[in-house]
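Scroll down for the structure; my scribbles are underneath it.
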Amino acid sequence: MRRRIAVFRREFFRVRDMGQNGRVGYVGGIDLFPLRKTLRGYSVSALKGDANAALNVALLAFPQGMAYAMIAGLPIEYGILGSAVACVVGAIWARSRFVVLGPTNATSVLLMSAFAATQLSVAESMVVLPLIVLLSGLFMLAGAFAKAAGLLRYISRTVVTGYITAAALLIVANQIRHVLGVESTGGSASTFVAVIHDTALSLSTVNGAAVFLSASTFATYWALRQVAPRLPNVALCLVLMGLLSAGMQRMGFEVEMLASFSLGEWGVVFPEVDLHSVRRYVSTAIAVALLSALEGYSIGKSLAARSGDKLDANQELFNMGMANLGCAFLSGMPASGSLTRSVLGWSSGGKTPLASLYTGLIILAVAAGLGGCLMWIPKAALAVVVIVIGISLVSRHQIFLACHSTGSDAIAFYTTLAGGLLLPLDMAIYLGTGISIFLFLKKAAAPDLIEYTFTEEGRLTEKQGRAKQVPEVSIVHVEGDLFFGSADLFRDQIRRIIEDDNLYVLILRVKNAHILDATCVMALEELVKTMKEKNRHLLVSGVRARIYKVLEKSRVLDAIGRENVFREAVDNPTFSTAMAMKRAQALLGGREANVTIYVNPAASKEESDSVVG
C-alpha cells in the first residue's frame with residue numbers, strides 16, 4: 001500500500017515537457033520549479049552575499065516604491081507592497097540572480113497616463129489596478145510559453161530611449177504641482193502638454209511652505225550625495241525632511257503630508273473582471289506587459305553578459321508574469337525589472353535568486369514597523385525625490401546615439417518622443433514599436449542588385465554599356481531574406497535582368513537567404529514560367545535546408561527541376577555555385593558565354609570574387 005501511494009505521489013507531481021526530452025518540471029521549455037535548483041547546494045557564503053544584497057536593495061526599494069506609487073497617483077502602500085510581493089514571488093520562479101522585480105518609473109508613469117486618460121479618481125484607480133496587473137501578467141505568461149521573448153530584440157532600443165525620455169519629462173511635469181503646493185484646476189491630465197497647461201493655470205495658488213520644503217529637500221539630497229554617496233540617501237533625506245516639516249507645522253505652516261497605512265489591513269483582493277473593463281483596459285495591460293518585458297530583457301541580458309553568464313529570457317518573462325499575478329491579488333503595482341535595484345543587487349554580491357526573497361521580507365518588516373510613521377513625510381519632499389529619479393532617467397549619451405547613428409534610428413526616437421509628449425504613453429509605445437518595425441521591414445525589403453562583369457585583365461568591375469553579343473550567363477547574388485516585404489522589389493529587379501535578349505542561363509545564388517515565404521515562392525514560380533516561355537534556364541545555388549524544404553513542399557522545386565537546384569555545401573561555400581556553372585555550361589552546349597554577376601553593392605569584393613572562383 002505504501003509503495004502504491006509513493007508511486008502515485010511521484011507520478012502525480014511529475015510534469016513532463018514533450019519538447020524538452022521528458023525533463024521533469026518543464027512545460028513548454030519553462031521550468032515550473034526552479035527554486036529546487038536554487039536550494040540544492042545552497043551555501044553559507046551564498047547566504048551572506050544574498051543577505052548583504054537584500055539589505056542594500058530593500059533600503060532603496062522602500063522609498064522608491066513610495067515614489068512610484070506617487071507617480072501613478074496611487075496610495076503609497078501600493079508601491080511598497082508591490083516591491084515586496086514582486087521580490088518574494090520573483091525568488092520562486094527565477095533562474096537567474098540578475099533581475100530584481102518591482103514597480104518602475106516606466107510602468108508607473110504609464111499607469112498614471114492611463115488613469116488620467118480615462119478620468120479615474122484615486123478610488124476608481126485602486127479598483128481598476130488589479131485587473132490591469134492581472135491581464136499584463138497573463139500576457140507575459142502567454143508570451144513565455146510561446147517563446148516570444150526572443151522577438152523583443154526586433155524592437156529598437158531607440159524606441160525605449162524615446163519612451164523613457166518622454167516618461168521622464170512627464171514625471172517631472174506631473175510632480176511640479178506637488179513641489180509648488182498647488183492644486184490641479186483642470187482635472188486629470190494625461191499628456192505632457194496637458195499637465196504643463198494645467199499647472200500653469202494653478203500658479204496663483206503656490207504654497208510658500210511647500211516651495212521651501214522642496215528647495216530644502218533638493219539641497220539636502222545633493223549634499224548627502226556629495227558627502228556620503230554610499231548611504232541610503234533617499235531614505236535619510238525623507239527622514240530629515242519629516243523632522244523639518246514637523247517643526248514647520250508647530251510654527252503654524254500648512255504642510256501636506258503622506259497618508260499612513262497599517263500592514264494589518266493588508267489582504268487578498270480579487271480583480272473585478274467584466275467584459276467592459278477588459279475591453280477598456282486591455283490596451284494598457286498589453287503596453288505594461290510589453291514595456292516590462294523590454295525592461296527585464298535588456299537589464300538581464302546586460303548584467304548576464306557582464307558576469308559571463310547566460311540568461312533564459314523566456315524563463316524570466318514567465319517569472320515576471322507570475323510576479324504580476326501575485327501583485328494583482330495582493331494590492332501591488334505592476335512588476336517589472338528595475339535597473340537601479342538590479343544593478344545594486346548584483347554589485348552588492350547577490351549570489352542566487354533568494355536575495356530577492358530576503359529583500360521582499362525586509363520590505364514587509366519595515367512596512368510593519370514604520371507604516372504608521374509615513375504620515376510625517378511631506379508630499380513636497382517625496383515629489384522632489386521623484387523628480388530627481390525622473391531626471392536621472394534621461395541619458396544624454398543614449399539620446400545622442402539614437403539621433404546620430406542612422407536616419408531610421410533618429411526617426412524612431414523622435415516619433416516615440418513626440419508621441420509620448422502628445423499622446424497617452426500606452427499609445428506612444430505602440431507608435432514607436434510600429435515605426436521601428438516598419439523601418440526595419442523597409443530596410444530589409446530593399447535589395448539592390450548591381451551588374452558586375454570581368455575586364456579583359458580578369459578584374460571584377462561594374463558593367464558599363466552593353467556586353468558583346470554572345471549568349472550570357474548571369475549570376476544573381478541575393479543578399480538578405482526573401483519574404484513578403486521584398487517580393488515586389490525582387491520580382492522587378494529580376495525582370496529587369498531577364499529582359500536582356502542575350503541572357504540564356506540565370507543562376508540565382510541564395511546562400512545568404514535564410515527565409516523564403518509564400519509571397520516570394522509565388523514570385524519565383526512566375527520567374528520560372530517567364531524563363532521557360534523565353535526558352536531560358538533558371539538555376540538556383542547555395543540553397544539552405546530550410547529553403548529547400550519550402551521549395552519542395554510548395555512543389556516549385558519540380559517546376560524549376562531538381563537537376564537545376566544545388567544545395568549548400570557547408571564545408572565549401574562556393575561548391576554549389578561551381579556546380580551550377582558546370583550545369584550552365586552543359587546547357588550552353590560548349591558555346592562561348594559572357595558571365596555577368598549581380599551582387600548587393602554592400603557585399604565585399606572578396607565575396608564577389610569567390611562566387612565565380
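Just a few scattered comments:
- Gain on full stretching of the segment that runs from Ala559 to His397 - 0.36 nm per residue minus C-alpha separation: 52.9 nm
- Cα gyration tensor, the range 103-187 - rounded (a/c under 1.5), prolate or oblate: oblate
- Relative contact order (%) - criterion: Cα under 8 Å, at least six apart; region: the range 165-260: 23
- Distant-in-sequence amide contacts of Val27, defined by a placed amide H-H separation under 5 Å and a gap of 5 or more residues or a different chain, comprise Leu32.
- Estimated vicinal HN-Hα couplings, Hz - the range 57-69 in sequence order (Karplus 6.51, -1.76, 1.60; Gly, Pro = x): 5, 5, 5, 8, 5, 4, x, 5, x, 4, 5, 5, 5
- Phi angles of the range 134-140 translate, via the Karplus equation with coefficients 6.51, -1.76, 1.60 and θ = phi - 60°, into HN-Hα couplings of 4, 5, 5, x, 5, 5, 5 Hz per residue; Gly and Pro are given as x.
- Placed amide H near Ser541: partners under 5 Å, 5+ positions off or other chain: Leu508, Arg509, Val510, Phe566
- Exposure of Tyr430 as accessible area (Å², to 10), given a probe of 1.4 Å and all protein chains: 70
- Tensor-based shape of the range 223-374 (alpha-carbon gyration tensor, a/c under 1.5 rounded, otherwise prolate or oblate): oblate
- Val100 long-range amide H proximity, modeled H, under 5 Å: Ser338, Ser342
- Using a Förster distance of 22 Å, the FRET efficiency for Glu124-Ser204 (Cβ separation, nearest 0.05): 0.15
- Largest to smallest accessible area among Leu393, Leu240 [probe 1.4 Å]: Leu240, Leu393
- Within the range 303-339: backbone nitrogen closer than 14 Å to the Phe145 label point (7 Å, Cα to C-beta): 318-319, 321-322
- Cβ-Cβ distance of Ser260 and Val27, R₀ of 35 Å, FRET efficiency by 1/(1 + (r/R0)^6): the value works out to about 0.20.
- Simple label model, 7 Å out from Cα along Cβ direction - Ala545 to Ala586, nm: 2.6
- If the chain linking Ala418 and Asn512 were pulled fully straight, counting 0.36 nm for each residue of separation and taking away their Cα-Cα distance, it would gain 30.1 nm.
- Heavy atoms of Asp50: accessible area, 1.4 Å probe, square angstrom to 10: 0
- Thr165 accessible area, assembled protein chains, probe 1.4 Å, Å²: 10
- Low-density loop cleavage sites - GluC sites (Glu not before Pro) in the range 154-260, where at most 12 other Cβ are within 10 Å (DSSP): Glu183, Glu254
- Förster radius 30 Å - calculated FRET efficiency between Ala215 and Phe270, Cβ distance, rounded to 0.05: 0.10
- Members of Lys534/Lys582; Lys48/Lys301; Lys301/Lys351; Lys48/Lys379; Lys511/Lys553; Lys549/Lys582 lying beyond 27 Å, as alpha-carbon distances in this model show: Lys48/Lys379
- Of the listed residues Trp266, Trp93, the order by accessible area with a 1.4 Å probe, largest first, is Trp266, Trp93.
- Rounded to whole numbers, the Karplus 3J(HN,Hα) couplings from phi for the range 107-123 are 6, 5, 5, 5, 4, 4, 5, 5, 5, 5, 5, 9, 6, 8, 7, 4, 5 Hz, using 6.51 cos²θ - 1.76 cosθ + 1.60 with θ = phi - 60°, and x at Gly and Pro.
The values are calculated or read from the model by the stated rules, or taken from the named source; none is laboratory data. In this text the structure is predicted, and so the values were computed from the model without any measurement. Neighbour counts are summed over all protein chains in view; Cβ atoms, including those assigned to glycine, are modelled from backbone coordinates with ideal geometry. For the accessible areas, the whole protein counts, side chains as well, though only heavy atoms, and no ligand, DNA or RNA atoms are used. Shrake-Rupley method; radii C 1.70, N 1.55, O 1.52, S 1.80 Å.
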